[in-house]
Amino acid sequence: MIERKKKTNNINSALLLGVFCLVLGACNKDDHSADKDISFPLVVKATAMEEQGPVKLYTKDGEVVDQEVIAKFIAHPPESVTLSFNEEFKASESDFIGFTTDSTASFGYSAVLYHVKKNEDDEIAFSTDFVLDPESTKPYHEFLDAYYIGKFNSPLTSFPAGSGLGYKGTLLSVVQGNYRSFRLPILLYYIKRTSKGPDGELTAVSAGFNKLFNTFNTDFISHLGPLDTIAVQQRYVRYKE
C-alpha cells in the first residue's frame, strides 16, 4: 500500500502502499449499520481529502518551526518525484481498496494481500507480514526507514541473513469506520540523509520522497543522524463504496 520510482517487489509494494503502511486516524463515527448485509467482494474508492495538515520538519534535535527553513527544504525534492506537499486532492485509478472477503483485502493494484479484522463497530485493522533481507532488497536502508516512519507497524526482530542481518515484523493498519466508508491516513515524507566528508564537505547519502498509508512515528527522530532532515505532512482521505 507508496508511490515512488524504485523497486516493485512485494516489500516495496507493501511499504509504498503503506501499510506500513496504513493507518490510525481520528474521525467521526460512521453509521455502524452500514456493515450489515454486505456482500463480498467489495471495492471502496478515494472520494475526497477531508483534512491536510501543515508540513512539519524534523532533525535529530527535534521539530524545526522556522517557516523559511521548511519552505527551502521542501523546494528541492529528489528528481523525477511525482509527489508534492500541499497538493490538491485528485484520485487516480489505483486509489481503491478491494475486499475479497470480510477478512482479506488488497490496496490498489498491489499483489500484497492483507488480513482484515473488524475489531469493533467503528474499527477495522489491516495487517501483513514484513520480511527484509539485505541480500535481496535494495535500497535496504530506505525500506527500513519507511517501516520505522509508520507509527503502527509492530517492533522488528532480527535474524541472520548472509553477511548481515535481516528483519521481520508486521505491517499494521487500523482505520476508523466501516467496510463501506472510512477515513484513511496518508503520510507524505521527504527524508534527506547527509554525511560530512574528511575535508568537511557535505554529501547527500540518500534522499527519498514517499507516501505511506499511516501516521508519523515521532520516535523515528531518534533514527536520524546529526545532519539528517525529514519533512512530513499528514492527510486524511475518505474512502467510500
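Checking the condition surrounded by 16 or more Cβ atoms within 10 Å (Cβ to Cβ), of a type in the set (S, T, Y) and closer than 22 Å to Y236 by Cα, which residue from Y114, Y109 passes?
Being surrounded by 16 or more Cβ atoms within 10 Å (Cβ to Cβ), of a type in the set (S, T, Y) and closer than 22 Å to Y236 by Cα holds for just one of Y114, Y109, which is Y114.
Kindly indicate whether any position in the range 121-140 is more than 22 Å from V43 (Cβ to Cβ), surrounded by 17 or more Cβ atoms within 10 Å (Cβ to Cβ) and of a type in the set (D, E).
No.
Take the residues in the range 160-185 that are out of contact with any helix residue (DSSP H, G or I) (no Cβ under 7 Å at 6 or more places or on another chain) and assigned to a loop (DSSP other than H, G, I, E, B), then tell me which one is surrounded by the fewest Cβ atoms within 10 Å (Cβ to Cβ).
S163
Read-outs: derived from the displayed coordinates by stated rules, not from any lab. Everything quoted here is computed from the prediction, not taken from an experiment. Here the Cβ is made from the backbone with ideal geometry for all residues, glycine too, and neighbour counts use every protein chain on show.
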